[in-house]
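Report on the structure given below.
The values are calculated or read from the model by the stated rules, or taken from the named source; none is laboratory data. Keep in mind the model is a prediction, meaning the values are calculated, not measured. Here the Cβ positions follow ideal geometry from the backbone for every residue, glycine too, while neighbour counts run over all protein chains shown.
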Amino acid sequence: MRWSWQVAVVAGIPVRVHATFALLLVWIFGAHLAAGEGIPQAATGVGLILAIFACVVLHELGHALTARRYGVRTRDITLLPIGGVARLERIPERPSQEVAVALAGPAVNVVIALGLALALVLGAAPLHLTDAASLRGNFLAELLALNLFLAIFNLIPAFPMDGGRVLRALLATRIEYVRATQIAANVGQGIALLFGLLGLLANPMLLFIALFVFIGAGQEAAAVRMRSAFDGIPVARAMVREFRTLGPEEPVARAAELLLEGSQQDFPIVDDRAGPLGILTRSDLLTALASGDTARVVGEVARRDCGVAHPREMLEGVFQRMEASGCPAMPVVAEDGSVVGMVTLENVGEFAMVQAALGRGRARRPRVA
Ligand code: ZN
């Protein structure tokens, strides 16, 4: 996510904080001062926010570590003013596993709340949890209440809350996955509108939450539609078949000629004996040309870390590898080692658009965005 910085690595997972999070802390601090309170109270308010976000990190780790049990890795955890997002590399195979991963987060908050309740009851100055007056302003009691809120809020059965994942997984046992996602997303946007309305009438903070929920629900549905366009599609069906290759000893000037001749942007570098060596990307070619040394051989300039795809491999996995490596293209290599095609981000995107257009044609009704 742009505008976010890595602040820690927990259990091998990078934890990032979004820039707007700092705004939240400043706002809380200012709100306390504006209410006529002193610096200590304002600092305690900020401390409470930091403590609750530590609980959010634990919540996200609940998702991430449960997913790890099912062999799903987590790219990173990002903290936004509104909560956390754990980016799993994929969703678990079985719906029951998705339910377990989704419920693990709120379960962590319930456990924290129980722990805080015990600490309050058994602590040095024991408190009665039913005595609301004695709990007001108590740091641990407020943290407990916020953890309960996190657990309950996240169990709302709508995207992008965890409850939405549970709903989608349950629906997916009966109907098709994309449709299940769309329903959970529509419920999410309906609830967001309700929050927005309440926000206008009561609490402006709800408006903020409503906006987050509305955008999150739409994004989830769009991501699943994109993924479903690749679902079960082998590379051979989406690869470019007409393309030029270059030998490792050819000069970059020759690559520049080919670039100007046609629409091909990236060129596989193929050695007659050793097979595919890498990809000469357009940006690397332009950098090499800009340095003025047009006699330099392309084998030196080409990227070697892009890997290769196989014709019968599924497109989704190839697309993920390309996203991870930042390579705009990948040669497709047959069993005998010959380069039979090329996958580029551009043609994969076009393929997804064609699939989506075909899918819309089949459904024969306009999609509600
Ligand atoms: Zn969660």
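Quick notes on this structure:
- Any hit, segment 52-73, residues being touching a residue at least 24 places away in the same chain (Cβ under 8 Å) and over 22 Å from R87 (Cα atoms): no
- Residue in segment 195-208 that is crowded, with 22+ Cβ neighbours inside 10 Å and small (G, A, S) present: no
- Scanning segment 139-167 for residues that are assigned to a loop (DSSP other than H, G, I, E, B) and at pLDDT 80 or above returns L155, I156, P157, M161.
- Enumerated helices (runs of 4 or more DSSP H) restricted to segment 187-292, each holding at least 3 residues that are farther than 25 Å from M314 by Cβ and modelled with pLDDT under 85: 204-230
- Members of segment 86-135 that are more than 12 Å from A67 (Cβ to Cβ), at pLDDT below 90 and either within 13 Å of the ligand (Cβ to nearest atom) or touching a His at 6+ places or on another chain (Cβ under 7 Å) (or both): S134
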